[in-house]
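The values are calculated or read from the model by the stated rules, or taken from the named source; none is laboratory data. None of the values given here were measured: they were computed from a predicted structure. Neighbour counts are summed over all protein chains in view; Cβ atoms, including those assigned to glycine, are modelled from backbone coordinates with ideal geometry. In case anyone asks, the SASA skips ligands and DNA or RNA and just uses the protein heavy atoms, side chains included. Shrake-Rupley method; radii C 1.70, N 1.55, O 1.52, S 1.80 Å.
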Amino acid sequence: MEKETVSNEVIWSPSDKRAESSQMHKFMQNINKKYNINLSSFSELHTWSIENKTQFWELIWDFFGIIGSKGTNPYIDPVNKMPGSKFFPNGKVNYAENMLSGNISGPAIVFKSEDKIRKEVSWKELKTQVATLANFLKEEGIVKGDRVAAYMPNMPETVMMMLAASSIGAIFSSASPDFGVEGVLDRFGQIEPKILLTTDGYWYNGKAVNITNKVLDVVKALPSLQKVAVTPLLGIETQYNSNKFVDYTSILEEYSTKVISFEPLSLDDPLYIMFSSGTTGKPKCIVHSNGGILLKHLVEMGLHSNAIKKSKVFYFTTCGWMMWNWLVSGLLLKSTIYLYDGSPFSPNPEVLWSYVDKEKVNFMGVSAKYIDALSKENINIIDNYKLTELEIIGSTGSPLVHESFDYIYKAIKKDVSVASLSGGTDIVGCFIGGNPMSVVRRGEIQGPILGMDVHVYNDNGLSIKNEKGELVCTQSFPTMPLYFWNDENNEKYHDAYFSKYKNVWCHGDYILKTENNGFIIFGRSDATLNPGGVRIGTAEIYRQVEQIEEVVEGLVIGQIWQGDTRVVLFVRLSQGVDLTEDLINKIKTKIKIGASPRHVPAKIIVVNDIPRTKSGKIAELAVRDLVHNKKINNETALANPECLDEYKNIKELSF
């Protein structure tokens with residue numbers, strides 16, 4: 001394995017005032033005072049959080065004033081067993097109670113559906129509606145452990161139903177309305193919900209998308225459902241010929257109450273069932289805990305993202321992506337959460353920035369591919385929007401390449417912290433990400449998340465630096481899944497994370513730790529290429545290809561060929577552009593100079609579209625399977641499965 005010293009240039013630094021006024025700095029001073037020590041940097045703080053694990057999580061509880069009971073010592077038992085460590089095993093807490101506590105004025109939620117609807121929900125109204133929905137659930141006989149599901153756009157009612165379910169100890173799960181019937185049933189069919197919250201449709205690209213027929217098909221195929229609550233977004237008049245259906249407004253009238261009682265739950269009682277992307281079969285149902293989410297999101301939202309009372313926090317997401325579950329935890333800090341449903345490019349590519357500017361948002365999160373798309377079109381934000389209150393731009397979903405960092409600081413805002421994040425549905429949070437006390441380096445994720453003992457391992461299980469390897473976490477943390485639904489003896493759970501290294505979480509990302517203790521991700525481990533036995537991350541090739549004007553985006557796989565692996569690059573080209581010999585040579589030269597000769601694809605093939613998951617990730621494994629004549633088990637997991645046909649039986653790949 002090659003070793004090189006990797007150190008990227010600093011492109012942004014927080015002012016002393018900004019760093020020292022952050023919640024993270026205040027938390028560090030809190031530690032210094034309590035333990036009479038002198039931590040002075042993020043690096044020292046992170047090391048302390050690992051070496052003093054129990055004290056760290058105990059302080060998180062105290063610093064944020066968690067409502068509940070820690071219970072008796074030990075606060076982590078056993079201290080480091082994966083899976084198996086329980087955090088505050090004798091404690092009691094309720095996620096919804098901590099979201100809704102206090103007497104706060106002003107908006108809790110601001111919602112926008114493209115340019116069609118804008119709606120505010122006050123803290124008072126939020127509490128009243130959650131109390132009413134909880135009353136409805138109880139009257140329907142819903143008890144702790146029952147499942148409540150939402151087939152919904154990213155709108156306030158989804159948040160309210162989640163909080164109502166959480167208040168009584170029911171388990172919440174969600175899917176976005178762009179999912180087809182089969183995709184929804186692959187998820188909800190496994191967990192058998194008793195209550196479903198849904199709608200009549202949503203707005204996308206300026207058009208109304210009616211989902212009422214899909215809803216009828218879903219309900220018909222889910223015999224576990226007792227009631228289906230419908231909250232219309234489009235206002236379509238629909239007659240549902242079943243007594244299972246009930247109008248959301250009538251629930252608010254019939255079950256109206258302002259009184260809510262919160263079930264005292266164990267920290268490892270379930271809160272959510274999340275789903276893997278499902279591109280290799282039915283999605284895995286990942287069960288996450290009430291207390292784990294609470295603790296982890298307070299660290300990520302309250303310290304790393306600097307969310308405080310009346311902060312304005314926005315992440316562009318759907319209810320089918322874990323960033324929705326992450327975003328709603330902004331309410332724990334008494335921040336206002338901003339929801340946006342629809343296309344990020346309608347009516348124009350600046351629509352999200354207009355929203356952020358007008359609403360004076362402090363934290364904005366998007367996918368790395370969205371930033372890439374803006375950069376490709378040279379969209380100029382900086383001259384049209386002041387973004388005066390915007391402090392942090394978060395990015396996740398795929399690696400944020402060096403050139404996207406350049407684009408943000410050149411074309412969006414100069415004085416802003418770019419927080420590239422990486423984690424996943426598996427932990428409903430991050431292993432590595434941004435922080436308000438450190439500099440931002442071009443192309444690097446700033447560092448690990450507090451409490452996460454992150455390393456890069458080589459194949460021998462040794463921690464390495466300046467060398468590519470596997471992202472691992474060597475100590476237990478609160479958002480390890482409780483279990484996978486219907487996973488006998490935890491076999492799938494163990495195989496997913498613990499089969500490579502004993503008692504070490506191996507996440508499946510191919511990554512490098514830099515000289516500055518930052519991180520660069522090169523793609524998923526299972527999608528890495530091995531030409532001539534040398535491991536290459538797909539992100540290294542994407543970074544070069546996406547700088548070429550004629551190429552909109554690419555997808556790269558390794559094709560088994562003549563006893564070795566050859567690199568095959570699929571490209572989607574700009575309108576009116578043909579894949580000429582000159583363009584092929586231009587692409588190959590760019591990759592050769594920008595990456596290395598071994599990154600150069602043996603074949604470059606033009607396609608009309610690149611398959612993606614519902615959360616926007618490129619579906620490399622699906623294409624790799626098709627090229628090797630393997631069956632795709634679950635096309636419904638893709639946002640655009642219709643494009644897969646052009647990857648079958650490609651003549652150029654037979655020679």
- request: Kindly indicate whether Val356 is touching a Phe, Trp or Tyr at 6+ places or on another chain (Cβ under 7 Å) and either within 25 Å of Thr538 (Cβ to Cβ) or in a loop (DSSP other than H, G, I, E, B) (or both).
  value: no
- prompt: Which condition number in (1) within 25 Å of the chain's Cα centre (by Cα); (2) farther than 30 Å from Arg18 by Cβ; (3) buried (at least 18 other Cβ atoms within 10 Å of the Cβ); (4) not aromatic (Phe, Trp, Tyr) is the one that Gly84 fails?
  reply: (3)
message: Condition check: hydrophobic (A, V, I, L, M, F, W, C), part of a loop (DSSP other than H, G, I, E, B) and touching a residue at least 24 places away in the same chain (Cβ under 8 Å). Does Ile337 satisfy that?
response: no
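Within the range 141-156, can you find the residues that are open to solvent by 10 Å² or more (accessible area, probe 1.4 Å) and closer than 20 Å to Trp321 by Cα? If you could, list the steps in order and put the result at the bottom.
Step one: filter the range 141-156 for residues open to solvent by 10 Å² or more (accessible area, probe 1.4 Å), giving 141, 143-147.
Of everything in the range 141-156, just one residue is open to solvent by 10 Å² or more (accessible area, probe 1.4 Å) and closer than 20 Å to Trp321 by Cα, namely Arg147.
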statement: Of the residues in the range 97-113 that are in contact with a Phe, Trp or Tyr (Cβ under 6 Å, 6 or more places away or on another chain) and surrounded by 20 or more Cβ atoms within 10 Å (Cβ to Cβ), the one that is farthest from Leu332 (Cα to Cα) is Ser113
- request: Determine if the range 384-395 includes at least one residue that is buried (at least 24 other Cβ atoms within 10 Å of the Cβ) and touching a residue at least 40 places away in the same chain (Cβ under 8 Å).
  value: yes
- prompt: Any residue at all in the range 595-602 that is open to solvent by 20 Å² or more (accessible area, probe 1.4 Å) and modelled with pLDDT of 90 or more?
  reply: yes
task: Among what's in the range 603-635 and is under 21 Å from Val577 (Cβ atoms) and β-branched (Val, Ile, Thr), pick the residue that is surrounded by the fewest Cβ atoms within 10 Å (Cβ to Cβ).
output: Val606
query: For the range 257-277, what are the residues that are under 24 Å from Asn154 (Cα atoms) and either small (Gly, Ala, Ser) or open to solvent by 60 Å² or more (accessible area, probe 1.4 Å) (or both)?
result: Ser276, Ser277
- request: State all residues of the range 54-76 that are open to solvent by less than 20 Å² (accessible area, probe 1.4 Å) and under 28 Å from Phe519 (Cα atoms); if no residue qualifies, say none.
  value: Phe56, Trp57, Leu59, Ile60
- prompt: Is it the case that Lys369 is part of a helix (DSSP H, G or I), modelled with pLDDT under 95, open to solvent by 30 Å² or more (accessible area, probe 1.4 Å) and of a type outside the set (A, V, I, L, M, F, W, C)?
  reply: yes
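Does Ser476 satisfy being touching a Pro at 6+ places or on another chain (Cβ under 9 Å) and of a type outside the set (A, V, I, L, M)?
So Ser476 fits the description; yes.
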query: Wholly within the range 188-304, which helices (runs of 4 or more DSSP H) include no fewer than the required count, namely at least 3 residues that are touching a Leu at 6+ places or on another chain (Cβ under 6 Å) and in contact (Cβ under 8 Å) with a residue 12 or more places away in the chain?
result: 290-297
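When the range 486-515 is examined, which residues are found to be open to solvent by 50 Å² or more (accessible area, probe 1.4 Å), of a type outside the set (Lys, Arg) and touching a Lys or Arg at 6+ places or on another chain (Cβ under 8 Å)? Explain how you work it out, then say what you get.
Of all residues in the range 486-515, those open to solvent by 50 Å² or more (accessible area, probe 1.4 Å) come to 486, 488-492, 494-495, 499-500, 502-503, 515.
Those still in the list that are of a type outside the set (Lys, Arg) too: 486, 488-491, 494-495, 499, 503, 515.
Selection gives Asn503, Glu515.
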- prompt: Can you tell me which residues in the range 391-433 are in contact with a helix residue (DSSP H, G or I) (Cβ under 6 Å, 6 or more places away or on another chain) and assigned to a loop (DSSP other than H, G, I, E, B)?
  reply: Gly397, Ser398, Pro399, Leu400, Val401, Thr425, Val428
query: Here are Ser438, Ser463: which of them is open to solvent by 10 Å² or more (accessible area, probe 1.4 Å), within 24 Å of Val418 (Cα to Cα) and either in contact with a helix residue (DSSP H, G or I) (Cβ under 6 Å, 6 or more places away or on another chain) or of a type outside the set (A, V, I, L, M, F, W, C) (or both)?
result: Ser438
